[in-house]
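The structure under discussion appears below in the form of structure tokens.
We did not get these values from a lab; they are worked out from the coordinates using the rules stated. Values in this document were obtained by computation on a predicted structure and should not be read as measured data. We place every Cβ from the backbone using ideal geometry, glycine too, and count neighbours over all the protein chains shown.
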């Protein structure tokens, strides 16, 4: 089967795009590692129209139910390895190769893969993933009740994680590489008032250690001397990493244009990429603002543009 539209990514942008393509009677399939993406990491959303407050998971569940109502196929656990245009042997349709060796053909594509959390790149980080090294306080904060934990990252993402942990952890260390905490003052004040949080600036994480589970994090104190700072350790049962996100575009290198941040460059009016027939939406693109509601709107734009493309090229 050749799909009219293959949507790669199953969060706000991809799910919204699917609603629009389905309503245009385009055969559609969503390929995604996990339905929900980054939205699942958000405990409370208060700026999505129509909902005074809603969790990211609940919002995604409502979107998914609407998509399924239109009969759109969702292939969860699907990872795209590369896209070919034109496919081997000729033809005008795109050939999408999955990591499980299967292939899918599409007349048009919408890429909405979002972003992945950025790693620290230090020893022990990968070894203790899900053994004390985590990225989602919404998912995992309750597991650290009564423990001392470290949050790496002094921006709003890190401060929000610390705020989630205040309900559970005994002591929270917030480590910031720079000379000052950069997150909102209001969040900082809330954390100070908790009496559980200690801010540590000029902290350069060097290693995470433990046996079967995280037991400590080693960092270099750069406050005195940037190059020869003294190494210190914190005895913690968990390390929450919040140092930013990387666009999920590795499979697109050499296929479409990316900017220096590895985001997909799009036409802001149509969401078309440098490859005709390929559109993109959401946080994976070079749009300035990264918000759930914006991603949803961009998904709608991409879907309508894909429809116009298909009509013009039928």
Order these peptides, 122-134, 298-310, by their mean beta-carbon neighbour count within 10 angstrom, highest first. 298-310, 122-134
With Cα coordinates, the longest principal axis of the chain makes an angle with the long axis of helix 292-312, in degrees rounded to 10, of 20
Take peptides 20-31, 139-150 and line them up by average Cβ neighbours within 10 Å, highest first, as a rough protection proxy. 20-31, 139-150
If you take every DSSP beta bridge whose two residues both sit in the chain, what share of them, in percent to the nearest 5, is antiparallel? 45
Which value results for Rg/Rh of the stretch 133-241 when Rg is the Cα radius of gyration and Rh the Kirkwood radius based on the inverse mean 1/r? 0.95
Fewest-first ordering of 185, 176 by Cβ atoms within 10 Å yields 185, 176
What is the order of 265, 6, 287, fewest Cβ neighbours within 10 Å to most? 265, 287, 6
Taking other Cβ within 10 Å of each residue's Cβ, how do 109, 181, 217, 294 sort, fewest first? 294, 181, 109, 217
So if I take the centroid of the Cα atoms in the stretch 8-34 and the same for the stretch 81-158, what is the distance between those two points in Å? 18
What whole number of Å gives the distance from the Cα centroid of the stretch 159-195 to the Cα centroid of the stretch 261-293? 33
Mind checking the full-extension length gain between residue 180 and residue 62? Use 0.36 nm per residue of separation minus the Cα-Cα distance, one decimal, nm. 38.5 nm
Which angle from 0 to 90°, rounded to the nearest 10, does the C-alpha axis of helix 56-69 make with the longest principal axis of the chain? 10
Nearest-0.05 FRET efficiency for residue 204 and residue 76, computed from C-beta distance (R0 51 Å): 0.85
At 0.36 nm per residue, minus the direct Cα-Cα distance, what do residue 55 and residue 100 gain on full extension? Give it in nm, one decimal, please. 12.9 nm
Using only alpha carbon pairs under 8 Å that are at least six residues apart, calculate the relative contact order of the stretch 133-241 and give it in whole percent. 30
Length gain on complete extension for the stretch residue 235 to residue 275, per 0.36 nm per residue less the alpha carbon to alpha carbon distance? 9.3 nm
